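Read the structure below first, then the notes.
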Amino acid sequence: MPNRNSIERSANFGYYADILWCCVPLMVMACFYYGPRPLLLMLTGLFTAYVCDCLAAPLHGPNYRPHEPSSEAFAALIVLMMPAAVPYGVVIAAVIMAVLIKETFGGEGHYPFHPAAVGVAVAALSWPGEVFRYPAPGTVLPLWDVPDEALSAGMNAALSGGGLPSDTTMNLFTGAVAGPLGTGAILVILACALFLLVRGHLQLSTLLPYLIVCIAVPWLLPQLNDLPAFSLPWEYVRQRVYLEKYIIMGGSMLFGGIFLACEPVTQPARLSSRIIYGLLLGVAATVFRYNTVYETGICFALLIVGAFPEWLDRVARRAERMRFRKKEEKRRANRAKPEAI
């Protein structure tokens, strides 16, 4: 006999719980480079998300699931895409905006735009000086105010201007680069991607088209001051390889593809729709990387492409119905043919 007091978990409970587990090693790396301040930022974001969920509970009535961790997962992702020197108030405002956009569309499972992307985008437009300036790794930051002279622009500032950063490959692998506190440790991010893939949370039909576009466009159209305005893809291979290294391993391109693009609610449900969605997301993310200095341009790309998944699924369903109808008509026509004498 089922227990009436048992709490029914949401369909995506396991996904959000695994996202929170993946944030643990990324936060350990951030604390290694910057001291305890990233941990306080994370605790601030998680507590804000929990309080917001408690305040929103009366809006859901009897269908509310008090142990549904999506808001906490969004808060953790927001913190990881912020600099280690960001003011606590900016984190609180971004998390509140993320929970607000989630609840506006009906709560977990119903929002069309990724709440974490919305929170980061709002914070970036409201406080760009605090969100896009980063401390040097290896500097133990004070718990409260961080002096402005200790901050600098991220790698995408050089890339968007046609230059190449000076960070070494080992620094890119280990995350010892100036950037968002959780998007730089590529080895840890790849380990998290493998974990999510094994757990069945990573949709390669979305991730691979996204990565292909993000890699192919800079190779075909490299934005480098040292190269001529037009060159063939097999020319200047060394410069193109260096450019690809910083695009793949720097900024938040890989982090966004793994932790944001494959979110089960905001991505399409059908295979063909996910492929198109990944391609569109790669194009939008590349446009933002080319034309802005934002390290987290993937968040703005998600807000634009987030309007298409439901429409893509409808088009795919309509095409499937048309194919099924044609097959049925052909089958009936074959049955109606008179038998040969």
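The values are calculated or read from the model by the stated rules, or taken from the named source; none is laboratory data. The shown structure was predicted, so the numbers you read here are calculated from the model rather than taken from an experiment. Reconstructed Cβ throughout: ideal geometry from the backbone, glycine too, with neighbour counts over all protein chains shown. Note: areas computed on protein heavy atoms with side chains; ligands, DNA, RNA excluded. Shrake-Rupley method; radii C 1.70, N 1.55, O 1.52, S 1.80 Å.
Remarks
- Centroid-to-centroid separation of the range 278-307 and the range 160-210 [C-alpha atoms, Å]: 16 Å
- Tensor-based shape of the range 174-305 (alpha-carbon gyration tensor, a/c under 1.5 rounded, otherwise prolate or oblate): prolate
- Gained length - Ala150 relative to Val315, 0.36 nm times residue gap less alpha-carbon distance: 54.3 nm
- Using the average count of surrounding beta-carbon atoms within 10 Å as a protection proxy, the listed peptides 287-299, 129-141 rank, highest first, as 287-299, 129-141.
- The chain - percent relative contact order, Cα under 8 Å, separation 6 or more: 18 percent
- Karplus-based coupling profile of the range 82-91, in residue order and whole Hz: 9, x, 5, 9, 5, x, 4, x, 5, 4, with θ = phi - 60° in 6.51 cos²θ - 1.76 cosθ + 1.60 and x standing for Gly or Pro.
- A simple rule links phi to the HN-Hα coupling: the Karplus curve 6.51 cos²θ - 1.76 cosθ + 1.60 with θ = phi - 60°, which for the range 48-56 gives 4, 5, 5, 5, 4, 5, 5, 5, 8 Hz, with x for Gly and Pro.
- Carbon and sulfur %, accessible surface of the range 201-299 computed with the full protein complex present, 1.4 Å: 70 percent
- Each peptide in 23-32, 232-241 was scored by the mean count of other Cβ atoms within 10 Å over its residues; highest first, the order is 23-32, 232-241.
- Rounded to the nearest 500, the helix-only mean residue ellipticity at 222 nm of the chain stands at -19500 deg cm²/dmol, with each DSSP H run of n ≥ 4 adding -39,500 (n - 2.57).
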